[in-house]
Structures are given as C-alpha cells and as structure tokens.
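To start, the structure under review is shown below, and the notes come after it.
The values are calculated or read from the model by the stated rules, or taken from the named source; none is laboratory data. These numbers were taken from a predicted model, which means no experiment stands behind them. Reconstructed Cβ throughout: ideal geometry from the backbone, glycine too, with neighbour counts over all protein chains shown.
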Amino acid sequence: MINLKESEVWFITGSQHLYGEETLKQVAEHSQTIAASLNASPQIPVSIVFKPTVKTAEEIYSVCMEANNAKKCIGIITWMHTFSPAKMWIGGLKILQKPMLHLHTQFNRDIPWSSIDMDFMNLNQSAHGDREFGFMVSRMRMNRKVVAGHWQDAQVLEQINGWARSAAGWADWQHAKFARFGDNMRNVAVTEGDKVEAEMKFGYSVNTYGIGDLVKVINETSDAAVDNLVTEYADTYTLTTSLLKGGAQHQSLRDAAKIEIGLETFLKDGNFKGYTDTFEDLHGMKQLPGIASQRLMNKGYGFAGEGDWKTAALVRAMKVMGSGLKGGNSFMEDYTYHFEPENEMVLGSHMLEICESIAHGKPNCEINPLGIGGKADPVRLVFNSAAGPAINASIIDMGNRFRMLVNEVVAVAPMQTLPKLPVARVLWKPYPDMKTGCAAWILAGGAHHTCYSQNLTAENLQDFAEMAGIEFSLIGKKTDLYQFKNELRWNEVYFQLNK
Ligand code: MN
C-alpha cells in the first residue's frame, strides 16, 4: 500500500578543509559505511542516501537546496565527524525546508586505548564538532530531532526508524488532498477549524464536494463490480445469515458494496488521500457508509466522521507512519466509561467506522439499525481489538494555534462478550490512571475524535508535531495534573511569542 523504501533520507556529513586530504578521505569512507549500514538495516524503513562530505558554506547551501527540491527526499540526517565551523551552516539551514535529524554519534564505538594518538583525535571529533553544530541550530531556533549514541546501537536505530516514519507522514501531507462531503455536524465545535491556516501549516488542502457528485459515481457502479465485492465480503468476513445470498437483507449488502466502490472510485479519480462525511448530509445515499469507510481506512485512506477533516488527515498521516508495522491505526471516539473501582477503563468505538486494521480475529459483517440519519440500516464490520500498548492522538484548533494531544493507554482484552453491541470496539486504560488521564484530556481541550494507534508511539507523534511546528502535549505515565496545567499555560505564552 505505502512503500516507505521509496522515500529517501539524505545522510550529510559536515567537515572543513583544515585537516587535509587524508583525513577528509577517511571522513568520507566512514560516512559511507554508516550510511550504507543504516540503509541496509531492517530497522530503518526508508532509503538512506549517502551525500559527499560538505566542507564549505557553498557546499552546505547547495545540498540543502537540492534536498528541498528532491521530491523523494523526505528529510536529512546530519553528522559532524570532525569540527565543522557552524557559521558555514547558517545559509543552508536558513533555507532548509525538510525535516532534520542530527545524529550525534562517532565512527568508533570504543576508545582505542593503546593506539590513540593526535591523528585519531583530529579525525574523531564529533563529541565537540556536533556541539558546535547543535549550538547553531539552537541559536536559529530550529526544530530538529537529536539522536545520541553509537550508530550501531539498537536504540539509536529505533529512534532513527521512528523519526523517518514521522518524516514520511509529514512528506505525505504536503500537497495532499482531502475531500469533505458536506460540512461538519451542525453545532459541533471541536470538528471546526481554520482550513486556510491548516493548509499553510500542514501542507494539505481540504475542500468540499457535493454529496450528489459522489452519489452519481456510486450509481454508475456496475453490477459485475458489486458481484465481485460481495463475494470478497463473503470470503473475508463472517456474514450475518440475513446478508448471505438469498437472505432477507442481501440487497443491503449489495447497496453497501456499491457505496464502497463508488467512494473508492471518487477518491482515486480525484487523487484524494482521505475524506470525511456526515450523517446529516446523505441525500441520495441509501445507507451511511459503514463497511465502506472501515475498509477504505484499511487500504490507507484517512477518514473521520461528522465532517472532522483534522482527524481524517491525522488518520492518513498515522497510517503512512505505521506502514509495514504490526498493528493498525483507526479513527476512534471515546464512547463510554467503565468506572468499576481499581478496574476503570474507556470503551472506544464509533457509530460504525472503526478500521479493521485493529481487529483481533476475523470480523463479523452485520446489519443493524443506526437510530440516527434517517437512512436504511447500514452494513458494518463488528470486532474486538487486541490487548497491548496504544496511543490516542488528536489535533485541535485553539484559535491561535493547533495543538496535538497524545494519551498513552493500554488496551485490555474484552471481559465480556457484548452480544448486543453492534459496533467494533476497543477497551483501554489511560495513563497515568483513569482519573488523571481523563481530567488532563479535558483540560487540554482534546477532541472526542482521535486516531487510535497500536503501532506508533508518543515520540513518533512528538517528532511529527515538531516538523509541523505545532504544540505537542503528552498525557503519559508520568503526567501530574499540576505540572500539566502549567505546561498548557506556558505553551500559551510560548506560541504567542514564537510566531
Ligand atoms: Mn463522532
């Protein structure tokens, strides 16, 4: 679906002419070895591309300019093997538009105790060369990721992996198009937002399309295509008897398949990376898209209900970031609470649209009344989700800035069978505990809509928020409400001043 190996991260080593040709030759060899090793590492999902050592302000400017213009380049890794006087970096860093990871490493892991001499010291200076570079980036107030440690260290590789995934999500947002069918649900506040500011800040556009235009594409779907998809449903899911061929509600399954094919055709033809719809605007549609949205999310499209374009875009970015990893990412909503003492948890779900990428086992395909929207009963996939660590992420528009809020949670296996609940669901316990986690989320103004992820971490989302230059607030294992409230207040000032 999304092949991250097609994306490039450029490995750029800084030095200078002071040390002579022999030292520079060794610098180049070492850099090539590191870049090749990162590129070959199964832990790194993108291609790492070696670039020749930069030794002058002109070379630095040129490589930054090239990185900006190279479509495949999603970010750069910088490393100062030797000292690289950092005033040389000002011109390049000033124009750099791609995310940057500063790898604070050195070629040798250990000090060669018996042979270390002044030649060795001249060559292996990143302990102070990287400090000079770090000063300049901080002096320029630039966001970047700093990863410190030996380049073969598993933790270092994991951090590069995570950052590269965030950079891929960020690159995917640039020039991305999201379709909005209808406006957001009437009178709802948190799904509103400044789409002009979002396009300036995030790089993606959100535009509206008449539901009639979508219905036209749905109606043009051929019977043969519907036959094929209905067969695929039967092969993939456990169908309720009434939906089977010859069953009383089989026509509803065909209607649902028709909606899925029409939606996918519309998205493909318009080159959209995601969409949002609303049950308040479904003229000409027989059902609210249920199984259609669940399956399109599983194919990599961003989706959120009720006109929530911010969450739809976030779901898409997180699907790109999590590409190839075990586990899934889904649109999610905090639905209802279980307040049993010592066993408090949240039941997360939506009226229909939870992505099957987080399903545990084979989903059931069912048809049930929806109760709102005034349309025919929608077909949907119903399943439970596995236990394990996860996060909920939300982006909200605070009026003067966007805030990304992340809550680390742990999903728990269902305690009961929930025979009458006709929707896919997840049970989780928020960190640091139910009361603190929920109170912090409310204080931060976090939305009821999120992207629920089984395979991304808070660090992935923090890196992503820094690439976007937006606020990031974490509710995690160490969150304390007193400190958290202060962070929100301090961020208020920071984002006023840092414009
Ligand atoms: Mn909702």
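Mind listing whichever residues of the range 119-139 are loosely packed, with under 13 Cβ neighbours inside 10 Å and more than 23 Å from T33 (Cα to Cα)?
Of everything in the range 119-139, those that are loosely packed, with under 13 Cβ neighbours inside 10 Å and more than 23 Å from T33 (Cα to Cα) turn out to be F135, S138, R139.
Out of the residues in the range 303-316 that are of a type in the set (G, A, S) and either away from the ligand (no atom under 15 Å from the Cβ) or part of a helix (DSSP H, G or I) (or both), state the one that is farthest from G169 (Cα to Cα).
Residue satisfying both the conditions and the ranking: A312.
Please specify each residue of the range 14-38 satisfying the condition of being in contact with a Ser or Thr (Cβ under 9 Å, 6 or more places away or on another chain) and under 12 Å from W151 (Cβ atoms).
H30, S31, I34, A35 - these are the residues of the range 14-38 that are in contact with a Ser or Thr (Cβ under 9 Å, 6 or more places away or on another chain) and under 12 Å from W151 (Cβ atoms).
Please go through the range 129-148 and pick out each residue that is of a type outside the set (A, V, I, L, M), touching a residue at least 40 places away in the same chain (Cβ under 8 Å) and either in contact with a Ser or Thr (Cβ under 6 Å, 6 or more places away or on another chain) or outside any loop (DSSP other than H, G, I, E, B) (or both).
G129, D130, E132, F133, F135, K145
Of everything in the range 276-301, what is in contact with a strand residue (DSSP E or B) (Cβ under 6 Å, 6 or more places away or on another chain), away from the ligand (no atom under 15 Å from the Cβ) and not in a helix (DSSP H, G or I)? Give them in sequence order.
Within the range 276-301, just Y301 meets the criteria.
What about T450, is it polar (S, T, N, Q), assigned to a strand (DSSP E or B) and either more than 16 Å from the ligand (Cβ to nearest atom) or under 21 Å from the mean Cα position of the chain (by Cα) (or both)?
Yes: the conditions hold for T450.
What are the pairs with Cβ atoms under 8 angstrom where one residue, in the range 414-439, is touching a residue at least 40 places away in the same chain (Cβ under 8 Å) and the other, located anywhere, is among the hydroxyl-bearing types (S, T, Y) and in a loop (DSSP other than H, G, I, E, B)? Sequence gap at least six, or different chains.
Matching pairs, first to second residue: Y431/T479; P432/T479; T436/T479; G437/Y431; G437/T479.
List pairs: first in the range 10-28 and in a helix (DSSP H, G or I), second aliphatic (A, V, I, L, M), Cβ under 9 Å, 6+ apart or cross-chain?
From residues that are in a helix (DSSP H, G or I), the pairs are H17/L24; Y19/V27; Y19/L123; T23/L123; Q26/L123; V27/L123.
Step by step: first the residues of the range 314-333, then only those that are touching a strand residue (DSSP E or B) at 6+ places or on another chain (Cβ under 6 Å) and among the small types (G, A, S), then the one that is surrounded by the fewest Cβ atoms within 10 Å (Cβ to Cβ). Which residue is that?
Filtering the range 314-333 for residues that are touching a strand residue (DSSP E or B) at 6+ places or on another chain (Cβ under 6 Å) and among the small types (G, A, S), the one surrounded by the fewest Cβ atoms within 10 Å (Cβ to Cβ) comes out as G322.
From T265, T311, T278, which residue is among the polar types (S, T, N, Q), surrounded by 20 or more Cβ atoms within 10 Å (Cβ to Cβ) and more than 17 Å from the chain's Cα centre (by Cα)? Walk me through how you get there before you give the answer.
Numbers: T265 fails: surrounded by 20 or more Cβ atoms within 10 Å (Cβ to Cβ); T311 fails: more than 17 Å from the chain's Cα centre (by Cα).
Exactly one residue qualifies, and that residue is T278.
Report yes if G91 is in a helix (DSSP H, G or I), at pLDDT 95 or above, surrounded by 14 or more Cβ atoms within 10 Å (Cβ to Cβ) and touching a helix residue (DSSP H, G or I) at 6+ places or on another chain (Cβ under 9 Å), otherwise no.
When the stated conditions are applied, G91 passes them.
With the requirement that a residue be part of a loop (DSSP other than H, G, I, E, B) and surrounded by fewer than 19 Cβ atoms within 10 Å (Cβ to Cβ), what does the range 424-444 give you?
Those that are part of a loop (DSSP other than H, G, I, E, B) and surrounded by fewer than 19 Cβ atoms within 10 Å (Cβ to Cβ): P432, D433.
Residue under question is L427, and the condition is that it be more than 16 Å from the ligand (Cβ to nearest atom), under 22 Å from the mean Cα position of the chain (by Cα) and within 25 Å of P341 (Cα to Cα); does it hold?
When the stated conditions are applied, L427 passes them.
Any idea which residue in the range 362-376 is surrounded by the most Cβ atoms within 10 Å (Cβ to Cβ), counting only those that are in a loop (DSSP other than H, G, I, E, B) and modelled with pLDDT of 95 or more?
Of everything passing the filter in the range 362-376, P363 is surrounded by the most Cβ atoms within 10 Å (Cβ to Cβ).
Look at T33 and say whether it is outside any helix (DSSP H, G or I) and under 16 Å from F107 (Cβ atoms). Talk me through it step by step, then tell me what you get.
Working: outside any helix (DSSP H, G or I): no; under 16 Å from F107 (Cβ atoms): yes.
For T33, the condition - outside any helix (DSSP H, G or I) and under 16 Å from F107 (Cβ atoms) - is not met.
Out of the residues in the range 1-38 that are in contact with a strand residue (DSSP E or B) (Cβ under 6 Å, 6 or more places away or on another chain) and among the hydroxyl-bearing types (S, T, Y), which is modelled with the lowest pLDDT?
Among them, the one singled out is S15.
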